[in-house]
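The values are calculated or read from the model by the stated rules, or taken from the named source; none is laboratory data. Treat the numbers as computed from the prediction; the structure is a model and nothing was measured. Cβ: placed from backbone, ideal geometry, glycine included. Neighbour counts: every protein chain shown.
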Amino acid sequence: MIENLFSLTVLVGILASGIRLATPYLFAAIGETFGQRSGVLNLGVEGQMLLGAFAAFYVAITTGNLWLALLVALIVGALMGLAMAFVTVNLHAQQGISGIGFYLFGLGLSDLLFQKMLGTVETVNGFPKIHIPVLSDIPGIGEIFFSQNVLVYIAFALVPIAWFVLNKTTLGLKIRAVGENPDAADSLGVSVARVRYFTIILGGTLSGMAGASLSIALLNVFQQNMTSGLGFIAVALVYFGAWSPWGVMAGSLLFSLVNSLQLWIQVKGVAIPSEIAVMMPYVLTILVLVVTVKRVRAPAALTRPFERES
């Protein structure tokens, strides 16, 4: 019954899992924010996440070292970002099409590696919860905010760091200038190629970390296409958040709480078809894009390749 969702225990559970489920959204969307602020749209986020998730899980299950697994996922994501940067910056490929190509590559390769190197779905002991002394003992609040795994804390700490870099540093100024007017930035001595390489590789690295957060921190398992569109939602969150890390965080929490709600609806046996519950985050994605597409202004040079005039 629907009243089962309104008990204090269930509400705390929804909020706590919502905070936890925001982790992959935050990593992927903040990385994509940097890329888009420099003028590059990366629709290959999902493929980068899948390869990062597999790499982290495989290293974790074979070595038992979670930090090594996370490092390998970061490297895999960075390499995917490097490849994406070469295709978009050096070859001037159409960003939407090349991004879809990288998504399909990540999807196919992660599936192949799973079948050849694992074969069956297995589980791993992922990052445990860290209970912050005193704060975690606060009724309700402690379980929601201060009893999470280390990647959750890192993801939320990344938000103010990303905001500070983008808005209060010389690097951030260069990124924003390249995304708005690359010709003017180039005339002032800013290397458009270097800035875009940096942001795309950073985005790939954080996408790999997003994938790792799924396979060795949240779900502790790897299976084919386990992201289920999460990477594309992360891209949508950048638009929802108006290219601001704080806006991205708000959007990530909104989507993760809706996702958490649909999971609890199924657990509590609420009389709503499970198919409708599963659809909720994706329907929300469409509604958000419809509402936000006219109220926000994208970086002026987004998706535009830059060719330096001789």
Qualifying residue in the stretch 236-243 (condition: more than 18 Å from E46 (Cα to Cα), surrounded by fewer than 24 Cβ atoms within 10 Å (Cβ to Cβ), among the aliphatic types (A, V, I, L, M) and out of contact with any Leu (no Cβ under 6 Å at 6 or more places or on another chain)): yes
Candidate set: the stretch 87-134, residues that are surrounded by fewer than 16 Cβ atoms within 10 Å (Cβ to Cβ) and among the β-branched types (V, I, T); chosen: the one nearest to L302 (Cα to Cα): I97
Unique residue being under 15 Å from the mean Cα position of the chain (by Cα) and either of a type in the set (V, I, T) or crowded, with 20+ Cβ neighbours inside 10 Å (or both) when the list is L50, L66: L50
Residue match in the stretch 160-171 (condition: of a type outside the set (F, W, Y) and either modelled with pLDDT under 95 or closer than 21 Å to L71 by Cβ (or both)): yes
Options G77, G81, G39, G35: the member that is at pLDDT 95 or above, small (G, A, S) and not in a helix (DSSP H, G or I): G39
Whichever residue in the stretch 106-140 is modelled with pLDDT under 90 and in a helix (DSSP H, G or I) and, among such residues, is farthest from L253 (Cα to Cα): D137
Condition check for G101: in contact (Cβ under 8 Å) with a residue 24 or more places away in the chain and within 26 Å of S256 (Cβ to Cβ): no
D137 of a type in the set (D, E), farther than 19 Å from A56 by Cβ and surrounded by fewer than 17 Cβ atoms within 10 Å (Cβ to Cβ): yes
Filter result for A69 (closer than 28 Å to L109 by Cα and out of contact with any Ser or Thr (no Cβ under 6 Å at 6 or more places or on another chain)): yes
Lone qualifier among Y103, Y153 - being touching an Asp or Glu at 6+ places or on another chain (Cβ under 7 Å), within 24 Å of L26 (Cβ to Cβ), assigned to a helix (DSSP H, G or I) and not basic (K, R): Y103
Test: V221 is on the phi < 0 side of the Ramachandran plot and at pLDDT below 90: no
